[in-house]
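Below: the structure, in structure tokens.
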Amino acid sequence: MTGETNDLMTGTTTDRPAGTLLRVVAAGSVDDGKSTLIGRLLHDSCAVPDDQLAALLAAGHERGTGLDLSLLTDGLRAEREQGITIDVAYRYFATPRRSFVLIDTPGHVQYTRNMVTGASTADAALLLVDVRTGLTDQTRRHAALVAALGVRHVLLVVNKMDLADWAEPAYRAVEREFGALAERLGLAAPAVVPVSAATGDNVVEPSTAMPWYPGGPLLARLEECAAAPADDRPARLPVQVVLRAGEYRGYAGRIESGVLRPGDEVVALPSGGRGRIAAIDDAGGELAEAGAGRSVVVRLHEDLDISRGELLAPAADAPRPTRDLTGTVCWFSPRPLRVGDRLLVRHGTQVTRAVVRAIGDRFDPATAGRLPGAAELELNALAEVTLRTMAELPVDAYRQHRATGAFLLLDEHDGDTLGAGMARGQDRAA
Amino acid sequence: MTTLAEPPRPTLAEPSPRPPGTLRAPVRDGHLNDLRDEAIHVLREVAGQFDRPALLFSGGKDSVLVLHLALLAFRPAPLPFPLLHVDTGHNFPEVLAFRDAAAERAGARLLVARVQDSIDAGRVRERPDGLRNPLQTVTLLDAVAEHRFDALIGGARRDEDRARAKERIFSLRDEFGQWDPRRQRPELWQLYNGRHLPGEHLRVFPLSNWTELDVWRYLAREDVALPALYRAHRRRVLRRDGMWLPESPHVPLRAGERVEERLVRYRTVGDVTCTGAVESSAADYPAIVTEVALSRTTERGATRADDRVGQAAMEDRKREGYF
């Protein structure tokens with residue numbers, strides 16, 4: 001809990017103090033109770049405004065269903081009609097200990113793109129499982145996506161314990177099954193919490209029905225999730241726009257990782273121009289240093305020809321621009337991706353053309369193993385893809401630098417987002 | 001400060017609201033800076049990706065905040081887009097005066113598209129209930145076509161409504177200006193994709209992740225100027241549908257209604273005919289922030305007649321192209 005008082009006007013903090021915002025995504029198979037769990041978290045934390053609660057009660061009364069907490073996030077007409085979640089919903093609430101964004105996502109395989117949308121910005125993922133059915137293909141798919149996206153905290157939430165007589169053996173079976181999956185996917189020792197979203201047991205309040213469970217309720221576990229560790233990575237700043245006014249010339253963008261200070265030697269990539277930082281401005285004024293998350297304007301001593309699309313990085317620790325891009329790709333389009341296809345790649349603030357060189361092994365949701373490479377990548381499939389790009393891209397490994405390791409695949413014609421990729425990174429020898 | 005230390009255990013049959021006097025959200029200043037910098041990042045993406053963007057500006061608190069952030073995002077360079085207001089003809093005169101003065105202070109070009117012009121041209125017809133908010137959509141889309149805007153920046157927030165909670169930050173509209181919630185683009189990380197076909201445009205929402213309380217806390221912290229009707233003032237009002245509507249030529253009295261003077265303020269500002277005031281004595285920023293933090297209703301539930309029409313009122317209007 002540091003760094004809260006000195007940044008009132010200047011925004012000079014570089015850290016995100018423990019206890020700040022936690023973005024939590026709920027994932028898992030359809031009907032495992034994601035929307036109800038989010039509704040339950042909001043409701044039992046007393047975070048539902050009176051008028052919304054009244055509307056909810058009225059709706060429940062009209063349908064004779066009683067209070068249906070899933071309707072707090074399933075706000076679209078089609079969602080209420082079908083009783084499913086189609087698109088991501090974002091809800092905001094806070095406890096005395098922490099602020100949260102709760103991100104509800106669809107469980108249906110056909111809406112995987114919306115689940116990935118919600119998970120891509122999350123700090124923590126709640127992976128829901130119905131204790132009666134255990135893991136499904138969709139649970140394994142979502143677990144693999146959460147692992148690939150690098151969501152920092154993963155909690156397995158074993159739901160519907162009320163429908164399994166609160167029985168420990170049923171819970172333990174799911175816990176064991178998930179343990180094996182987590183190990184396969186490289187998820188570090190995830191916490192496992194038994195709950196009933198429908199009754200509220202062990203969600204906000206501890207449950208008296210499960211005395212055999214030693215851990216605290218779900219909300220307490222979320223409040224305890226550690227904040228991101230101090231950022232000691234080299235700085236990365238994709239240039240969004242160049243600001244000019246009279247003598248003033250600055251490169252505006254958000255610092256995606258690391259810290260920048262006046263005097264730092266930086267290189268602009270892929271052009272390769274070098275310069276020294278003269279000043280860093282943000283909304284509050286000139287800064288002595290600026291860290292990840294800050295939107296700033298960087299002024300250089302030298303007059304470099306830099307425009308949108310360039311990346312500023314420390315001259316001593318910059319990614320090597322390359323035209324060969326390999327990464328794990330999640331494909332969102334009903335039209336399969338094939339070797340030889342041409343599309344656009346968006347990386348940082350740059351967009352360039354690319355051609356698909358190879359499609360590697362695919363993730364198999366039935367076994368959480370790998371299926372041998374095919375000539376094409378189908379809707380919602382996850383596989384390693386190699387691209388050759390027209391322009392050079394300064395790509396980092398996604399594991400180290402999320403913003404400069406991530407890329408989108410876009411349709412050349414209408415610009416639609418067809419897929420998302422997480423770069424493997426390159427060997428740094430060269 | 002009271003806390004939520006021991007909320008009562010609610011059950012399905014008997015939901016328990018927040019205990020009286022508890023604050024809704026303890027928010028830290030670092031959080032406000034994060035929200036500010038996220039919004040600035042989004043606004044710079046608009047400048048970087050579009051040829052003809054515009055900022056929707058009504059003089060309401062959310063659009064005032066977006067303008068404030070846009071000036072920060074591009075200074076010392078001038079604002080790289082004009083302001084656009086869709087004027088229903090039923091606006092509060094003091095808000096229109098504020099709008100003009102704010103645009104001038106910002107050195108921004110202000111374009112006004114008038115619903116009255118659409119009515120005169122036969123593009124839309126006045127509704128029997130006199131509400132003009134639903135008519136704005138046609139005027140707005142006509143302005144998009146006339147000025148060939150490819151992006152419209154709006155102050156909508158996800159916490160306002162369940163349909164808005166489903167909204168992307170960069171949201172594609174087809175050539176009819178329509179939003180199709182089933183066909184929203186995936187939006188990963190903060191890689192906002194503004195590419196589109198000719199005739200299509202995007203709506204961009206830099207305040208997506210702000211709550212009402214965040215907005216007030218930030219405006220208070222930076223002491224941003226707002227139209228005076230957000231502060232408590234005495235006003236001649238009448239009671240209708242559980243709301244205090246202002247005495248106005250646009251709000252003819254119905255049988256049984258009478259005008260009385262009350263101490264009120266506005267939580268949202270829009271069309272005179274459907275924006276209700278709330279009784280309040282909060283006359284400055286600290287008092288307003290406290291009032292909003294203690295509030296147990298949403299701003300829309302409390303003050304907007306047009307949002308009460310049905311469970312999916314906002315979704316239906318968004319589909320048609322409403323902002």
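Bear in mind these aren't lab numbers, they're just calculated from the coordinates by the rules spelled out. The shown structure was predicted, so the numbers you read here are calculated from the model rather than taken from an experiment. Heads up, the Cβs are rebuilt from the backbone with ideal geometry, glycines too, and the neighbour counts pull from every protein chain shown.
Fewest neighbouring Cβ atoms within 10 Å first, the residues A:Y92, B:Y285 line up as B:Y285, A:Y92.
Name the residue, out of A:V203, A:V158, A:V109, whose mean-square fluctuation peaks in a Gaussian network model built on chain A with Cα pairs under 10 Å. Among A:V203, A:V158, A:V109, the largest mean-square fluctuation in the Gaussian network model of chain A belongs to A:V109.
As a rough guide to protection, the peptides B:50-61, A:222-233 ranked by mean Cβ packing within 10 Å, highest first, stand as B:50-61, A:222-233.
Helical runs assigned H by DSSP (4 residues or longer) give chain A a calculated mean residue ellipticity at 222 nm of -5500 deg cm²/dmol, each run adding -39500 (n - 2.57) before division by the residue total. Just so you know, the averaged projected area of the alpha carbon convex hull for the range A:335-430 sits at 6.8 nm².
Apply 1/(1 + (r/R0)^6) to the Cβ-Cβ distance of A:R261 and A:E302, taking R0 = 22 Å, and write down the FRET efficiency to the nearest 0.05. Computed FRET efficiency for A:R261 and A:E302: 0.85.
Which residues does the label zone of B:E261 cover in the range B:207-247, counting backbone N under 19 Å from a point 7 Å along Cα→Cβ? Once the point is set 7 Å along Cα→Cβ of B:E261, B:229-239, B:244-247 turn out to lie under 19 Å by backbone N, inside the range B:207-247. Among A:L243, A:L22, A:L382, the largest mean-square fluctuation in a Gaussian network model of chain A (Cα springs under 10 Å) belongs to A:L243. Annotation: peptides A:405-416, A:282-293, ranked by per-residue average of other Cβ atoms within 10 Å with the highest first, follow the order A:405-416, A:282-293. Considering only A:G118, A:L149, A:I86, and ranking their Cα positions along the charge dipole of the range A:3-223 that arises from unit charges at the beta-carbon of Lys, Arg, Asp and Glu, the one farthest toward the positive end is A:L149. Panel order for A:L418, A:L69, by other beta carbons found within 10 Å of each beta carbon, from fewest to most: A:L418, A:L69.
A simple rule links phi to the HN-Hα coupling: the Karplus curve 6.51 cos²θ - 1.76 cosθ + 1.60 with θ = phi - 60°, which for the range A:106-111 gives x, x, 5, 4, 5, 10 Hz, with x for Gly and Pro. Per-residue mean of foreign Cβ neighbours for A:185-198 is 0 (Cβ atoms of other chains, 10 Å radius).
Among the residues of A:409-421, the average count of other protein chain beta-carbon atoms within 10 Å of the residue beta-carbon is 4. Per-residue Cβ neighbour counts within 10 Å put A:L312, A:L371, A:L304 in the sequence A:L371, A:L304, A:L312, beginning with the fewest. The mean number of partner chain beta-carbon atoms within 10 angstrom of a residue's beta-carbon across peptide A:48-60 is 5. Place a point 7 Å from the Cα of A:R323 along the Cα-to-Cβ direction; which residues of the range A:363-401 have their backbone N under 17 Å from it? Only A:386-395 pass the distance filter. Its relative contact order, with pairs defined as Cα atoms under 8 Å and 6+ residues apart, puts chain A at 13 percent.
Build a GNM of chain A with springs between Cα atoms under 10 Å apart, and of A:G215, A:G28, A:G118 the one that fluctuates most is A:G215.
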